[in-house]
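Below is one structure; the comments refer to it alone.
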Amino acid sequence: MPARHSDGVAWVTGASQGIGEAVCLRLARDGWTVVASARSADKLDALAGRSDIGPGRIVAMALDVTDGPAVDRAVDRIIAHHGPIALAVLNAGTYLADNAETLSAETLVPTVDLNFVSVARCLQALLGPMRAVGKGHVQVVSSVSGYRGLPNAASYGATKAALINLAESLKLDFDRFGLTLQLVNPGFVKTPLTDRNDFPMPFLISAEKAADRIVAGAAKRSFEVTFPRRFTFLLKVLRCLPYALYFPIVRRMTGV
């Protein structure tokens, strides 16, 4: 069953800006107690102190999700102080455009650690407590960039493809445990990360609209939550094409 705020608290990672911040605000306005985690304690404190949150509340908990022991301690602390984690939105991530000329292990490794490995750390920390209470709902935030390889997203796209595969692999296990696992694949969302882009972003939506779609998706039974539909439908079609068609179409669409 979809998570309800009467079942426990929500935990959102990557909560200091963009989609994560907007999800925290939307959940709090829906009555949830939301534990907001990110590296920036100042931004989290400012978020928790906003006057337009109610009827729920936001609790700031600074956390580096690439630190495995710290993630374990954070989950234990949330449960001890606020009750069971009924909904977890694993949203922490970063984006750095790269291609064959700029690809570097120095940037690839930390991108993989934050975008992919940290999600696995959070899932590992959450599974035991959720199985113990017999309920729990996790949303893994990936991206349509993970559907197929796209220009200037060598590192980012690879991590998002890995998240998609991870979530698909774990879905049947979550079902067997009586838990809910959803995959969230947004298109272009206006955030401080996408503000760096110097190329057209079709069907760009606000972080607030993205949060509305994510929270609404949590109330449904579908495995994948993806938006905006017109854009993601196009990418799903491209996903099915053979390489002989896919690469010429992408080259024409992107100008690469």
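The values are calculated or read from the model by the stated rules, or taken from the named source; none is laboratory data. No experiment lies behind these values; they were computed from the predicted model shown. Positions of Cβ are backbone-derived with ideal geometry, glycine not excepted, and every protein chain shown enters the neighbour counts. Only protein heavy atoms, including side chains, enter the accessible area calculation; ligands, DNA and RNA are left aside. Shrake-Rupley method; radii C 1.70, N 1.55, O 1.52, S 1.80 Å.
Per q in 0.07, 0.09 Å⁻¹, report the Debye log10 I(q)/I(0) for the chain, using one uniform scatterer on each alpha carbon and no solvent.
-0.23, -0.38
Treating only the Cβ atoms of Lys and Arg (+1) and Asp and Glu (-1) as charged, compute the dipole magnitude of the chain about its Cα centre; round to the nearest 20 debye.
920 debye
When only Cα pairs under 8 Å and 6 or more residues apart are kept, what is the percent relative contact order across the chain?
Relative contact order here is 19 percent.
Going by accessible area, probe 1.4 Å, with all protein chains left in place, what is the ranking of 81, 5, 137, largest first?
Sorted by accessible area, descending: 81, 5, 137.
Cross-link partners among lysines for residue 43, C-alpha distance below 29 Å, same-chain residues fewer than 8 apart left out?
Reachable lysines: 160, 190, 209.
On a 0 to 90 degree scale, rounded to 10, what angle separates helix 243-254 from the longest Cα axis of the chain?
In the chain, helix 243-254 runs at an angle near 80 degrees to the longest axis.
Net charge near residue 54: determine it from the other residues with C-beta under 12 Å of the C-beta of residue 54, scoring Lys and Arg +1 and Asp and Glu -1.
With Lys, Arg at +1 and Asp, Glu at -1, the net is +1.
Using alpha carbons only, how many angstrom separate the centre of the stretch 190-256 from the centre of the stretch 107-122?
21 Å
Taking the chain as the reference, fit the longest principal axis to its C-alpha atoms, fit the long axis of helix 18-29 to the helix C-alpha atoms, and give the angle between the two in degrees, 0 to 90, nearest 10.
Once rounded, the angle reads 30 degrees.
Could you state how much accessible area residue 235 has, in square angstrom rounded to the nearest 10, with a 1.4 Å probe and all protein chains kept in place?
Ignoring ligands and nucleic acids, residue 235 comes out at about 20 Å².
Determine which aspartates and glutamates satisfy two conditions relative to residue 236: a Cα distance under 14 Å, and not lying fewer than 8 residues away in the same chain.
Within reach: 224.
Ranked from the most accessible area to the least, with a 1.4 Å probe and all protein chains present, what is the order of 180, 159?
From most exposed to least exposed: 180, 159.
Do the sum for the chain: with -39,500 (n - 2.57) for every DSSP H run of n ≥ 4, divided by all residues, what is the mean residue ellipticity at 222 nm, to the nearest 500 deg cm²/dmol?
-15000 deg cm²/dmol
Ranked highest first by average number of other Cβ atoms within 10 Å, how do 212-223, 93-104 line up?
212-223, 93-104
Which percent of the accessible area of the chain is formed by carbon and sulfur heavy atoms (probe 1.4 angstrom)?
The C+S portion of the solvent-accessible surface of the chain is 56 percent.
How about residue 135: which aspartates and glutamates have a C-alpha closer than 16 Å to its C-alpha, ignoring those fewer than 8 places off in the same chain?
Result set, ordered by chain and number: 7, 173, 175.
Along the positive direction of the dipole of the stretch 97-256 (beta-carbon charges: Lys, Arg +1; Asp, Glu -1; about the Cα centre), which of 184, 122, 155 reaches farthest?
184
Just check the stretch 1-78 against the gyration tensor rule for me: Cα atoms, a ≥ b ≥ c as the square roots of the eigenvalues, rounded for a/c under 1.5, and otherwise prolate or oblate depending on whether a/b exceeds b/c.
Cα axes put the stretch 1-78 in the oblate bin.
Keeping all protein chains in place and using 1.4 angstrom, which order do 1, 253, 201 fall into by accessible surface area, from largest down?
1, 253, 201
What figure in square angstrom, to the nearest 10, would you give for the accessible area of residue 240 with a 1.4 Å probe?
110 Å²
Helix 154-177: angle to the longest alpha-carbon principal axis of the chain, degrees 0 to 90, nearest 10?
Around 50 degrees separate the two axes.
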